[in-house]
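A.B. asks: My questions will all concern the structure given below.
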Amino acid sequence: MPEDMVRIKTGVSLSFVSGTAREDVIEIPRSEWDAMTPEQREQRLESIAKEMLDNEVNAWAYVEDEG
């Protein structure tokens, strides 16, 4: 029988571009989730959100003209 999973929704949307919302679902085994402290759960959620952002948005910065 498959293990019970905790389903975590993650998403990203660009407020300045209409229709850019993207969502995914990440599954974590319930036994792993239940073994985490509240702080570890929050860190895991932050990590999932950062990974989604890193995968979906490109950003850059450079000196255009040092003049």
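A.B. asks: What is the magnitude of the charge dipole of the chain about its Cα centre, with +1 placed on the Cβ of each Lys and Arg, -1 on the Cβ of each Asp and Glu, and no other charges, expressed in debye to the nearest 20?
C.D. replies: Computed charge dipole of the chain: roughly 340 debye.
A.B. asks: Per residue and in cubic angstrom, what volume does the convex hull of the Cα atoms of the chain have?
C.D. replies: 127
A.B. asks: Please name whichever of I28, L14, S47 sits farthest to the positive end of the charge dipole of the stretch 5-50, dipole taken about the Cα centre and charges placed at Cβ: Lys and Arg +1, Asp and Glu -1.
C.D. replies: L14
A.B. asks: With the chain treated as a Gaussian network of Cα nodes joined by springs under 10 Å, which of V57, V17, V25 yields the largest mean-square fluctuation?
C.D. replies: Residue with maximal mean-square fluctuation among V57, V17, V25: V17.
Any read-out appearing in this document is the output of simple, stated calculations on the displayed coordinates, not a laboratory observation. All figures in this text were calculated on a predicted structure; none of them were measured in a lab. All Cβ positions, glycine included, derive from the backbone under ideal geometry; neighbour counts span all protein chains shown.
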